[in-house]
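The values are calculated or read from the model by the stated rules, or taken from the named source; none is laboratory data. Here the structure is a predicted model, which means the values were calculated and not measured. Every residue, glycine among them, receives a Cβ derived from its backbone with ideal geometry; neighbour counts consider all protein chains shown.
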């Protein structure tokens, strides 16, 4: 028997010195533009990251549930827009440039720390807490800008035009949020609203210009899955809203029935989005990708708002008519959700397979959306309002299901390849 060390097997991986391996793991640069990984799957870190947004959205929805006023609704819309923009930036960066290494993890955990602090102040963003929220948001944008800049300086010169524009918009956002700090609460909300609308509009234009002649693909299944997961996050607010309403109200048959009907409305949201939009790849070029991304903002906002409305719906279950604010919030949320699906359908890559089918489904969804607004305007009893909205959601899905079957397909069938 020989005392000499065995020879390494041919092709066996060689060891890496600890210092070299640690430096690579901690300081490896992000992926450049064009280095998209189409074979990766959604990581545990991304799911953990999204959980922080559960808290942020929950705080905003909880505040809306306690303040069913026009101001409360406007504040919710603006704050939700800020939350969604932050989520979009973090999600796109990880999808396009992130790695499974210490550098990426560290930056994401720093973001999560900032987001957790922001959640403390989101609930009273229209008051004194808005100043602190603006400061934290500016710091978050600065961190995100640093991440995008770290990619920009590694990019090939011919690919730097779009990232440069994106960075300029991000820096302007930092300045705007910083400027809003000393303003009064009303003025600050106006500035934030302008920022949300302007940021989405400008970035939409930049994205359309970039994808007019795409040099590489950017849409992957994990990206589509992340957008679907965010909808699941806000759908959780519907469940929370019903539970909170039942917890804070003297429970009886009518109250419980109203709560269950409200919860079923959330199921209707899921059925329509999951079968008509979720996990379907959007087109890469033209306006389609930009529309697909940014229409998810009002879609997710409408679902979260409905979650807040559930509280008022259950609390007023014994009333003869639903309060005006709650009725319009619920009817409007369902209408917006259905209309956004109508807008999203033509952006999907498989839309042209069955154009007549898609058109008829869009017509049905639009009709159901109009019906939801009529129900909101009519202000029936809370249980009846919830039942009417549920029937509209159910009818739109059934119509789509029947149309798919008539074409020899299934509503949730994915195109081959």
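Per the listing 327, 356, the residue uniquely surrounded by 20 or more Cβ atoms within 10 Å (Cβ to Cβ), in the same structural domain as residue 267 (by TED's automatic domain parsing) and over 24 Å from the mean Cα position of the chain (by Cα) is 327.
Across segment 350-371, the number of residues qualifying as in contact with a helix residue (DSSP H, G or I) (Cβ under 7 Å, 6 or more places away or on another chain) and under 26 Å from residue 280 (Cα atoms) comes to 11.
Of all residues in segment 367-390, those that are under 12 Å from residue 265 (Cα atoms) have Cβ atoms under 6 Å from Cβ atoms of residues that are modelled with pLDDT under 95 and outside any helix (DSSP H, G or I), 6 or more apart or on another chain, in 385/322. For segment 248-286, filtering for residues that are in a helix (DSSP H, G or I), free of Cβ contacts under 8 Å to residues at least 24 places away in the same chain and either out of contact with any helix residue (DSSP H, G or I) (no Cβ under 9 Å at 6 or more places or on another chain) or buried (at least 17 other Cβ atoms within 10 Å of the Cβ) (or both) leaves 1. Condition first: farther than 21 Å from residue 91 by Cα and touching a residue at least 12 places away in the same chain (Cβ under 8 Å). Can you find one or more residues in segment 291-304 that meet it? Within segment 291-304, none of the residues are farther than 21 Å from residue 91 by Cα and touching a residue at least 12 places away in the same chain (Cβ under 8 Å). Just one of the listed residues (236, 332, 228) is assigned by TED's automatic domain parsing to the domain that holds residue 381 and more than 30 Å from residue 94 (Cα to Cα), namely 332.
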